[in-house]
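Below is one structure; the comments refer to it alone.
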There are 2 protein chains.
Amino acid sequence: MEQNRKLVRAERADGVKSRHAILNAAASLATVEGLDGLSIGRLAEHVGMSKSGLYAHFGSKEELQLATIETANGIFQEAVIGPTLSVEDPVERIEALCNAFLYYLERRLFPGGCFFASVAAEYGSHPGAVRERIAGIQGAWMSMLAELGESAQALGLIDPREDPKQLAFEVQAYLLLANMAFVLDDNPLALERARKAVHGRLNLARTAAKADSSTVR
Amino acid sequence: MEQNRKLVRAERADGVKSRHAILNAAASLATVEGLDGLSIGRLAEHVGMSKSGLYAHFGSKEELQLATIETANGIFQEAVIGPTLSVEDPVERIEALCNAFLYYLERRLFPGGCFFASVAAEYGSHPGAVRERIAGIQGAWMSMLAELGESAQALGLIDPREDPKQLAFEVQAYLLLANMAFVLDDNPLALERARKAVHGRLNLARTAAKADSSTVR
């Protein structure tokens, strides 16, 4: 009986491990073939498993897609959000997040560039649970940038005339184009341009605040 | 014989018309289903023709994809480039191009947003003739923006310290995010944010030039 229990445990551990490995492979594959190209048959071939073996993990294509999104989100959180958590100054935190994002592109954690930019482009016009979840994650990222801008404004670190949502939009725009250009041209110059654009834009927000406080009107 | 000639002409006109109609449908479909989703079978179903009828027009899926790209490029040129040709001031021309692009999104000429943003995201990591052509069209657009910036600089309209390629990158970034956000959230606010960002960025380039010429150092 003790032996049986061990066997069950081993099987469970195996099951967990392979689910994790399958989902990592699925997230990578989705940035090249699309999340819609992620059929259970195609993925089974890719990871060298039987279709029935995959069905034991995921009941449907949509379940597989949603689980893949969560895995990609975990990778994103660890690579991009995690390293910036200790940065206290909210303006510096925005810049740290952007640089972490560009470094995440540079290391090619996903072969087809940012997972979320890739699947957002694919699922933008396909209503459903997959699009909802992608839009939710994108929205949370944008909100985080905007909230950091609001905190910075409350602390007097950026110009009171700045609209933090507009600032977040502009900064996010540089990251998105960096991703597209890097994937399309395979040229790290796009990452450098984005880094420079983010730095310049944040400096402008900050510089204006300084200029404002030193200007007598 | 005269009658025969008319018949041949009518057939040709018909053939040309239907090729045009097929490619317009293909360009729209590609922004929703992807350019890779554009199989001859899928398109035949969509336009209500037989697969053999479509094969008479396009020998292969790649030929169909390349012809679709040219059709989309024609639509883009007419909607975005055409209306700005009479604008002489190069900085105003950049702004006019950006506003024409945002208006092209707003009118939803393609159901899945900008054709080129959509297929670039899809084909970024698929080497081949399709990717080459998409990268070529994207590159030409970026070069046009950068060359307008260079002309503006030569005319003393923007700050000599501006890098016209960096300026083009930033302006293009706002357009790309506007497209993604508009498609994903279906909210015209993203178009307004991009319009404002472009205007502010160009103004900064111009304002700095003015400030520079009035500053004695």
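Yes or no: A:Val198 β-branched (Val, Ile, Thr) and more than 11 Å from chain B (Cβ to nearest Cβ)? So that I can check it myself, show each step before the final result.
Numbers: β-branched (Val, Ile, Thr): yes; more than 11 Å from chain B (Cβ to nearest Cβ): no.
Considered against the rule, which asks whether it is β-branched (Val, Ile, Thr) and more than 11 Å from chain B (Cβ to nearest Cβ), A:Val198 comes out as no.
Given the condition open to solvent by 30 Å² or more (accessible area, probe 1.4 Å), away from every other protein chain (no Cβ under 13 Å) and among the hydroxyl-bearing types (Ser, Thr, Tyr), answer yes or no: does some residue in segment A:118-127 qualify? Explain how you work it out, then say what you get.
Initial filter on segment A:118-127 (open to solvent by 30 Å² or more (accessible area, probe 1.4 Å)): A:121-122, A:125-127.
Adding the requirement that they be away from every other protein chain (no Cβ under 13 Å) leaves none.
For segment A:118-127, residues open to solvent by 30 Å² or more (accessible area, probe 1.4 Å), away from every other protein chain (no Cβ under 13 Å) and among the hydroxyl-bearing types (Ser, Thr, Tyr): absent.
Only one of (1) open to solvent by less than 50 Å² (accessible area, probe 1.4 Å); (2) polar (S, T, N, Q); (3) within 11 Å of another protein chain (Cβ to nearest Cβ) fails for B:Gln153. Which number is that?
B:Gln153 satisfies every listed condition except (3).
Taking the options A:Leu97, A:Leu102, name whichever one is part of a helix (DSSP H, G or I), under 21 Å from A:Ala120 (Cβ atoms), modelled with pLDDT of 95 or more and touching an Asp or Glu at 6+ places or on another chain (Cβ under 9 Å).
None of the other options fit; the residue is A:Leu102.
Which of the residues spanning segment B:160-186 are without any contact (Cβ under 8 Å) to a residue 40 or more places away in the chain, charged (D, E, K, R) and over 18 Å from A:Ala190 (Cβ atoms)?
Hits for segment B:160-186 are B:Asp185, B:Asp186.
Give me a count of the residues in segment A:36-58 that are open to solvent by 50 Å² or more (accessible area, probe 1.4 Å), among the small types (Gly, Ala, Ser), part of a loop (DSSP other than H, G, I, E, B) and at negative phi.
Selection size over segment A:36-58: 1.
May I ask you to list the residues in segment A:128-143 that are at the interface with chain B (Cβ under 9 Å from one of its Cβ atoms) and open to solvent by 20 Å² or more (accessible area, probe 1.4 Å)? Break it down into steps so the answer makes sense when it comes.
Applying the first criterion (at the interface with chain B (Cβ under 9 Å from one of its Cβ atoms)) to segment A:128-143 yields A:131, A:134-135, A:138-139, A:142.
If the condition is that a residue be at the interface with chain B (Cβ under 9 Å from one of its Cβ atoms) and open to solvent by 20 Å² or more (accessible area, probe 1.4 Å), then A:Arg131, A:Ala135, A:Gln138, A:Gly139, A:Met142 are the ones that fit.
Sort out for me the helices (runs of 4 or more DSSP H) sitting completely within segment A:115-217 that have 2 or more residues that are at pLDDT 95 or above.
Working: elements: A:115-123, A:129-154, A:164-185, A:189-214.
Hits in segment A:115-217: A:129-154, A:164-185, A:189-214.
Can you tell me which of B:Ile75, B:Ile81 is closer than 16 Å to B:Val119 by Cβ and either surrounded by fewer than 19 Cβ atoms within 10 Å (Cβ to Cβ) or not β-branched (Val, Ile, Thr) (or both)?
Numbers: B:Ile81 fails: closer than 16 Å to B:Val119 by Cβ.
Step by step, each of B:Ile75, B:Ile81 is checked, and only B:Ile75 is closer than 16 Å to B:Val119 by Cβ and either surrounded by fewer than 19 Cβ atoms within 10 Å (Cβ to Cβ) or not β-branched (Val, Ile, Thr) (or both).
The values are calculated or read from the model by the stated rules, or taken from the named source; none is laboratory data. Not measured: the values here are computed from a predicted model. No Cβ is skipped: glycine too gets one built from the backbone with ideal geometry, and neighbour counts run over all protein chains shown. Note: areas computed on protein heavy atoms with side chains; ligands, DNA, RNA excluded. Shrake-Rupley method; radii C 1.70, N 1.55, O 1.52, S 1.80 Å.
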